[in-house]
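Following: one structure in structure tokens, then a few remarks.
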């Protein structure tokens, strides 16, 4: 009877270990994938929309000096998410946008600031 119990215990322990390891790797993958990376950098972003006209917005990307290209993409991403969630489209008329030449970009301290208007369907 000890012959049957020993293989069953080994199999049971192996299954428990495999289950525990697979749960750990999934939680790490989910936490990493929920935060987007732009040009190899993480950026904190904020979007402020006007209460009466939420189509008008201002996006601020913190610490843009980490990567100007990444900060541009992060601002574009944040604006597109806002417009899709509120108006169902990622179309934006930029007043001061991420495609502007470097010398035309607006900064507030080390933060990059964009402004635009969402265009729905």
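The values are calculated or read from the model by the stated rules, or taken from the named source; none is laboratory data. Note that this is a predicted model, so its numbers are computed, not measured. Backbone-built Cβ (ideal geometry, glycine too); neighbour counts: all protein chains shown.
As a summary of the residue check, residue 22 satisfies the conditions (1) modelled with pLDDT under 95; (2) outside any helix (DSSP H, G or I) except for the one numbered (2). Considering the range 36-46, the residues that are under 22 Å from residue 89 (Cα atoms) and surrounded by fewer than 16 Cβ atoms within 10 Å (Cβ to Cβ) include one that is modelled with the lowest pLDDT, namely 36.
The listed residues are 104, 100, 80, and the only one of them that is modelled with pLDDT of 95 or more and either touching a strand residue (DSSP E or B) at 6+ places or on another chain (Cβ under 7 Å) or within 14 Å of residue 36 (Cα to Cα) (or both) turns out to be 80. Does residue 70 satisfy being assigned by TED's automatic domain parsing to the domain that holds residue 109 and at positive phi? When the stated conditions are applied, residue 70 does not pass them.
If the condition is being closer than 11 Å to residue 58 by Cβ and touching a helix residue (DSSP H, G or I) at 6+ places or on another chain (Cβ under 7 Å), then the range 74-110 contributes no residue at all.
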